[in-house]
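Accompanying notes for the structure given below.
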Amino acid sequence: MSILQSRLDAIEAKNVGNHFKHEINKITRKGHAIVNSAPFHFEKFIFNGNLHSNHIEEEKFTNYIKSEGNNYFKILQTLFDKLYYDNYNLFDEFELEENNYSEISPETLRLKRIIMRINNIKDIGNVPIINELIPITYLKKKERRYQGIRLFVNIRENGYIDLYLIDLYHLGIDAYDIKTQTYNLDRNYNSNKDCKVCISRIADNYILKD
C-alpha cells in the first residue's frame, strides 16, 4: 500500500463517524490498471482562490480558454456552479485518483513548480500532498474536452478538499493527446498557448462565503 493511499485511508477512518455531505470514488491504479475502488467521504470543496487562469511559459502550462461560451467555458461553469451552490456530489462525475509518479520524478517536480507559482508558495517543501480529481469515463466519452480536465487538490484532515490547480489541456502532468492517443506536452501547449480568456469570468456572480 502506498504512503498516499494509507494517508487517505487514515483520513477516511478518522472521519467515519461524521455525516459528511459529499462522497467521491477513490481509485488506486497500478500502471493503467485499477487495483482498488472505494467511496471517500469529504466535508466541503474549497475554491482556495484558484478559480482563475495562469500562463507559465517556461513550464509550458496554460489554463486560459479561447472564448466565453465555448465548450470548456460551459463545462467549467456547470461544474463550479454546482460546487459553489453546494448541491453537487462529485461521485457522480469525478474520481479521486492517486498520483502514480514518485515525489522526485521530473513530472511531479514540474507539477509542484506550477502549483508553487500559481499559489505563491516560496518553498517546494511547503507544497501539500496533491491528488487528482479526474472525470469519470462516461464524461470523457461523452465530450472529448473532459479528457484533459484535471482538478489538482489537497485533502485536509478535517475532510475539506482545497483546490490548487485547474488543468484543462492535460498540461499539468502528462499531456495526453486524444487525437493521436499519445502524450505530447509541446503539442498540447502550442495548441492552447494563445488563449486569452480567464476562467475567473465563470465566477463573476459569486460572492465570498465565510
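Rule-based calculations on the coordinates, nothing more; no lab input. For clarity, every value in this text was computed on a predicted model and none was experimentally measured. With ideal geometry, Cβ positions are generated from the backbone for all residues, glycine too; neighbour counts draw on all protein chains shown.
Peptides 123-134, 42-53 ordered by packing proxy, namely the average of other Cβ atoms within 10 Å per residue, highest first: 42-53, 123-134.
Going through the cross-link list K26/K193; K60/K140; K44/K196; K140/K196; K112/K142, which pairs have a Cα-Cα distance over 29 Å in this structure? Correct reply: K26/K193; K44/K196; K112/K142. A cut-off under 13 angstrom between Cβ atoms defines the neighbours of F61, and their net charge, with Lys, Arg +1 and Asp, Glu -1, is 0.
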